[in-house]
Amino acid sequence: MDRGCFIASLAALVSAPAVAVSPKPAKTFDAMALPKAELHLHIEGTLEPELIFTIAGRNGIRLDYPNVEALREAYNFSDLQSFLDVYYHAMEALRVERDYYELTTAYLKRAQSQGVRHAEIFFDPQAHTKRGVALAVVVEGISSALADGRKNFGITSRLIMCFLRDMPSDSAMATLESALPHKDRIVGVGLDSAERGNPPSKFTAVFDRARAEGFLTVAHAGEEAGPEYVWEALDLLKVSRVDHGVRSLEDPKLVARLVAERMPLTVCPLSNVRLRVVPSLAAHPLKRMIDAGLMCTCNSDDPAYFGGYVGDNFVQTATALSLSNQQLIALARNSFEASFIDEALRRQYLAELDSVSL
Ligand code: HPA
Ligand code: ZN
C-alpha cells in the first residue's frame, strides 16, 4: 500500500462512525402466536361455507342457499336465534363419520395457526341425532380427528357435549344416557342454544345425573339472559366454568361471588358483537371484567360465523380495548388454568407461556 493510500484509509477509519450498536428493535408482541387454550368452541360453528357445500354435495343434500356467497349473506345476525337458525340448517350437511372427521381436522389446522395448544370442544348431539345421525357416528368422527390432531398439529383436546336448552329436559336426559357408552371420550356436559326462557333450573336433574356419572359441568349463562341465569348455573348445575357470563357485571353480588370462587368465564368478544349482545368491540365489557378481578378467558365460540378464530379474538379485542401485553398473557394463563387437563400438562403449557417475553 503506498503512503497516500495508507493515510486515506487511516482517515476513513478515524472518521468512521462508531459501529452502530443500535438497540435491538423490540420484538412486537404477537397475541396471535401466544400459546393458549380454547375453552369455548362449538365444533359445528367452525363449519366454513366452502366445506358446507363440499360435504352437502357429497351427501346429495340441498341447502336453502344456492351457493357460498348466498350463504355468507345470511351471516348478518340480529340476535342469538337468528344465528342458530342458520347454524342448525348448515349442519344438516353432516351425515357420516368422514364429515365429522373433516370438520374437526379443518378446525385444528386453523387453531394451530392461532397459537392453540389445547382445545376443549363442544358438540351438540341432539342437533345430529334428531336428524337420524347416530351419536356413535358423531363421537367417532370428532374424537378420531382429535386423536390424530394431537399427532399432526400438536394440539391436545377434550370433548364436551352440550344439551340444547330449547328442547325438553327429557330429551337431554335421554341424550345423557345414550352417551354413557362413550364416557371415555367425553369429559363434560354443557348447555347451549336459545337462552332466554330456558333457564339452567330446567336441567337440574340432568346435570345431577351427569355429575353422578363423573362428568364435569359447564353452561352458557349470562349471554342474552341476565345474571339470574349465572346464579342458577352455579347453584343448581354446579358448573366448573360459566360460558359467556358477560352480563354478570350487572350484579355486584354475583361478581363478588365469581371473583371469590375464581370461577372461569369463557368470554367470546367477536361472538358478542355479531349476535348484538354488545354494540361494538370497543364497547365490550372484557376489560371491565378483568379490572373487576374476574377470571376471564378469550375464545371464539363459532368462528366460521363470527369473523375470527381465537387468535383473531385476542388481536382484535386487544386493539379495540387497548389491552396490555400483561393482560393478554393473563388471559392465556387463565385459559390453561381453567382447562380440564391433568396437572403435568397444565404445568408444561404454563411453562411455555412463562417463556414468552414481553
Ligand atoms: N350461544 C348459545 N348456543 C350456541 C352458541 C352460542 O353462542 N353457539 C352455538 N350454540
Ligand atoms: Zn357458545
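The values are calculated or read from the model by the stated rules, or taken from the named source; none is laboratory data. Small disclaimer: the values here were computed from a predicted structure and weren't measured. Please note: Cβ atoms are built from the backbone with ideal geometry, for glycine as well, and neighbour counts cover all protein chains shown. In case anyone asks, the SASA skips ligands and DNA or RNA and just uses the protein heavy atoms, side chains included. Shrake-Rupley method; radii C 1.70, N 1.55, O 1.52, S 1.80 Å.
Structure notes:
- Extreme residue, surrounded by the fewest Cβ atoms within 10 Å (Cβ to Cβ), among residues of region 205-258 that are within 17 Å of Ser169 (Cβ to Cβ) and hydroxyl-bearing (Ser, Thr, Tyr): Thr217
- The set of residues from region 259-287 being surrounded by fewer than 20 Cβ atoms within 10 Å (Cβ to Cβ), aliphatic (A, V, I, L, M) and more than 16 Å from ligand 2 (Cβ to nearest atom) comprises Val259, Ala260, Leu281, Ala282, Ala283.
- Within region 138-167, tally of residues that are without any contact (Cβ under 8 Å) to a residue 12 or more places away in the chain and either in contact with an Asp or Glu (Cβ under 8 Å, 6 or more places away or on another chain) or crowded, with 20+ Cβ neighbours inside 10 Å (or both): 0
- Among the residues making up region 306-358, those that are under 26 Å from Thr104 (Cα atoms), among the hydroxyl-bearing types (Ser, Thr, Tyr) and out of contact with any helix residue (DSSP H, G or I) (no Cβ under 6 Å at 6 or more places or on another chain) are Ser335, Ser339.
- Residues in region 295-340 that are of a type in the set (Asp, Glu) and open to solvent by 10 Å² or more (accessible area, probe 1.4 Å): Asp312, Glu337.
- Of the candidates Leu176, Leu146, Leu180, the single residue that is part of a helix (DSSP H, G or I), under 24 Å from the mean Cα position of the chain (by Cα) and either more than 23 Å from Thr105 (Cα to Cα) or within 16 Å of ligand 1 (Cβ to nearest atom) (or both) is Leu176.
- Residues in region 32-88 that are in a loop (DSSP other than H, G, I, E, B) and open to solvent by 10 Å² or more (accessible area, probe 1.4 Å): 16 in all.
- Extreme residue, nearest to ligand 1 (Cβ to nearest atom), among residues of region 89-107 that are part of a loop (DSSP other than H, G, I, E, B) and open to solvent by 50 Å² or more (accessible area, probe 1.4 Å): Arg95
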